[in-house]
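The structure appears right after this line, and notes come after that.
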Amino acid sequence: MSETPPLQNETFLRLYAEAEQALRGYVRAMLPDRHEASEVMQEVIVTLWQKFDGAEDFKNWAFGVARLKVLQHLQRRQRDRHVFGEELVNQLAERQAELEQGHAAQREALEHCLQKLAEPQREMVLRAYTKGTRIECLAAQRGETAMALYKKLHRIRQALLECVRKTLAQEELA
């Protein structure tokens, strides 16, 4: 291994942070019970940390580890008749992977379209959709009514939606 441990740790954390949301969604899709999904996710994280060796395709590797951990969890619970079978889990895993690819393309298209907005519009959208932001407070800071701000945001969202659709359609043709 050519990387030093601190650099390898940093690499793992960066790659895991990029994949975490999709990985949690993947596990959650296969385990409808939130508590079970959380337990399995903890096992997945520990395994990823212990076995990380600078995997080239971290996300696919992490999804594979998650799938195996879900199957192990289901095997431990097999006595319960409400447990999904391995075939169904595999189908759910495949479907979730397809959905994640689609979501990734949508996120990239949205990021592209956000960059096309004029700076004041982009800043307003980003501030409005930051966790904990109240539209009433943002509107007051901007010197306008909440209703006026809602209408502006609605028009911007419509423009972003159209831009995302066009971007995705162009990517499909390419």
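The values are calculated or read from the model by the stated rules, or taken from the named source; none is laboratory data. All of these numbers come straight from a predicted model, not from anything done at the bench. Glycine also receives a Cβ, built like all others from the backbone with ideal geometry; neighbour counts cover every protein chain displayed. Heavy atoms of the whole protein, side chains included, go into the accessibility calculation; ligands, DNA and RNA do not. Shrake-Rupley method; radii C 1.70, N 1.55, O 1.52, S 1.80 Å.
A few notes on this one:
- Screening residue 97 against (1) surrounded by 16 or more Cβ atoms within 10 Å (Cβ to Cβ); (2) within 18 Å of the chain's Cα centre (by Cα); (3) at pLDDT 85 or above leaves a single unmet condition, (3).
- Tallying residues that are open to solvent by 40 Å² or more (accessible area, probe 1.4 Å) and aliphatic (A, V, I, L, M) within segment 1-37 yields 4.
- Pairing residues of segment 137-148 that are on the phi < 0 side of the Ramachandran plot and among the charged types (D, E, K, R) with residues that are part of a helix (DSSP H, G or I) and modelled with pLDDT of 90 or more, at Cβ distances under 8 Å and at least 6 apart in sequence or on separate chains, gives 142/124; 142/149.
- From the options 29, 62, 22, residue that is under 24 Å from residue 104 (Cβ atoms), part of a helix (DSSP H, G or I) and modelled with pLDDT of 90 or more: 62
- Helices (runs of 4 or more DSSP H) fully within segment 106-174 counting 1 or more residues that are under 23 Å from the mean Cα position of the chain (by Cα) and surrounded by 12 or more Cβ atoms within 10 Å (Cβ to Cβ): 119-128, 146-173
- Residue within segment 38-54 that is part of a loop (DSSP other than H, G, I, E, B) and either open to solvent by 70 Å² or more (accessible area, probe 1.4 Å) or at pLDDT below 85 (or both) present: yes
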